[in-house]
1. For residue A:84, what is the net charge nearby, where nearby means another residue's Cβ is under 10 Å from its Cβ and Lys, Arg count +1, Asp, Glu -1?
2. Long-range amide H contacts for residue A:130: which residues qualify at under 5 Å (H placed 1.01 Å from N, peptide plane, sequence gap of 5 or more or a different chain)?
3. Could you give the distance between the Cα centres of the stretch A:38-76 and the stretch A:272-350, to the whole Å?
4. What is the distance in Å between the Cα centroid of the stretch A:376-431 and that of the stretch A:455-491?
5. Across the stretch A:60-193, what fraction of all alpha-carbon pairs, as a whole percent, falls in each successive 5 Å bin from zero upward?
6. Can you work out the Karplus-derived ³J(HN,Hα) for every residue in the stretch A:64-73? Use 6.51 cos²θ - 1.76 cosθ + 1.60 with θ = phi - 60°, whole Hz, and x for glycine or proline.
7. Whole-Hz ³J(HN,Hα) for each residue in the stretch A:315-330, computed from phi via Karplus 6.51 cos²θ - 1.76 cosθ + 1.60 with θ = phi - 60°, x for glycine and proline: what do you get?
8. Please list the non-local residues whose amide H lies under 5 Å from the amide H of residue A:307, H modeled 1.01 Å from N, same-chain partners needing a gap of 5 or more.
Amino acid sequence: MDETSELIQQRIRKLEDLRKNGIDPYPNDFRVTHTSRDLHETFDSLSDEELKSGGETFCLAGRIMAIRDFGKASFIQIQDRKGRIQAYLQRDIVGESAFQLFKTFDIGDFIGLEGKIFRTKTRELTLQVQRFRLLVKSLRPLPEKWHGLTDIEARYRQRYLDLIANPKVKEIFLTRIKAIQKIRDFFTQRDFIEVETPMLHPIPGGATAKPFKTHHNALDMELYMRVAPELFLKRLVIGGLERIFEINRCFRNEGISTQHNPEFTMLEFYQSYATYEDMIKMTEELLCSMIKEIHGGLRFTYQGKELDFTPPWRRIRFNDSLLEYGKVDPAILKDPSKAIEVAKKLGLEMQKGTSHGRALADLFKEMVEPQLLQPAFVIQYPTEVSPLSRRNGNDPEVADRFELFIAGREIANGFSELNDPVDQRERFVQQMKERGDEADAVLTLDEDFLRALEFGMPPTAGEGIGIDRWVMLLTDAPSIRDVIFFPLLRMEK
RNA sequence: GAGCCGUUAGCUCAAUAGGUAGAGCAACUGACUCUUAAUCAGUAGGUUGCCGGUUCGAUUCCGGCACGGCUCACCA
């Protein structure tokens, strides 16, 4: 603690004075009967007469957010988990010595209040305090009451202050939590079960991303923080858990941006005897149910852009999207060298041995993705960039896969799962060849997963949804850090 | 990793063609028993992110570093 700060010194002196007078500055036996919202919901609509006739006593507790002192009486605002309410302390009611004690309280202290409800001359519902107790002496001053805390760095590093001072921030996180709750309800209603799979993977898999590396001492074993739960979830499907979902953290050792945090939350779900087309329908239902609950309707704006989620959302084939949005020469769809040539012309880096599918995917990312503002399912991706997806029955060059784009961002990725173990092995081998140049690539074939697949996985479709990015849309948040309580920052010096 | 921008009191912000750093809120003292960013009077609070350079003099100009933001690259 910064012992030189005068403001803190003052409060420490107050703390010592309290103890000298036999007052515990950190008691834990105060019992709360109501929240601020309970009182507002019960009494806001009642007349003054009805309030008076009640006469019930309420016990509330919260942090003092404002003090308006009049010498022999004082208005305060307290904040609890549900909001704020005003309280009125009068010397003649609480007593002279208690009132003198109250005068030493600071904004930021926690207080327990016991009193009756009334309405002031200016029509504000207020607790007439009969008794009160200090519950916590706060030693540091809070951010300013009017502007709140705006310094972005302080808001992320000291999220607790952000939550105390900026009500909208709390709203964003409550929305996030509500959305996740909705997901659990949605899948549970459909007979899915929630599972947990390892965070520590001997072989990273399920996505092409650089993993965090760690080490287990007792086993003397290299481990990787998972980049995706996919391969373990499929093992559970093989084990007969036909409908499962997992909401949990993934870790990717890559750049940080407004769209990327090294740890992020992913929803993955798998349903046997379903196809990627079933997943598309379910995605519409799931996301629409969340939007309705949070926004009331199926439209809302994100960063000034009006988004319309009225189903059905657009479906467009990957190849068609290149033609429509990219206005590319149709020849590139058949001719790999042409595709690479076009990509190079756009300034995209094409490594030696870049596959046709990879080139097309890079072109898609460059030319199509940013234009997909309204929700759109892009379907039938090149098989070459979909190593875990089932091949399409009519055209083995494309996979039964889709990605959902909203506001120019990828939100979901789903597909009919590849359950042919021989094909899966070949795809892994192919993938390793392609990534051979990358220094950070972890080049290990997941034999354990392939063995599981060889026992037989029922026809299954699966999907992953980036929860943070989805919540960003729901809450109109410009940065992923606004929807993660504690985004990763460098160490403070 | 690269480019641009930022860092001044606990918080929100000013300021100087280089010339002793200001305000509001918070705090402290006092007045006030219906306020709503309460009001009124007074007081205190700063190594201007850190290190170095130019200068008689640097918060201001220059260089480096730290941390943060945005954009780009890698990716979800």
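1. Computed value for this residue: +2.
2. Residues meeting the amide H criterion: A:114, A:115, A:116.
3. 53
4. Computed from Cα coordinates, the inter-centre distance equals 20 Å.
5. 2, 9, 16, 18, 14, 12, 9, 8, 5, 3, 2, 1, 0
6. The phi angles translate into 6, 9, 7, 10, 10, 9, 10, x, 10, 8 Hz.
7. Calculated HN-Hα couplings, in order: 10, 9, 5, 3, 4, 5, 5, 5, 5, 6, 8, x, 6, 8, 5, x Hz.
8. HN-HN under 5 Å from residue A:307: A:300, A:301, A:302.
Here, each number is a calculation from the coordinates, and none is a lab measurement. What you see is a predicted model, and the numbers here were worked out from it, not measured in a lab. Methodologically, a virtual Cβ is constructed for each residue, glycine included, from the backbone with ideal geometry; neighbour enumeration extends over all protein chains shown.
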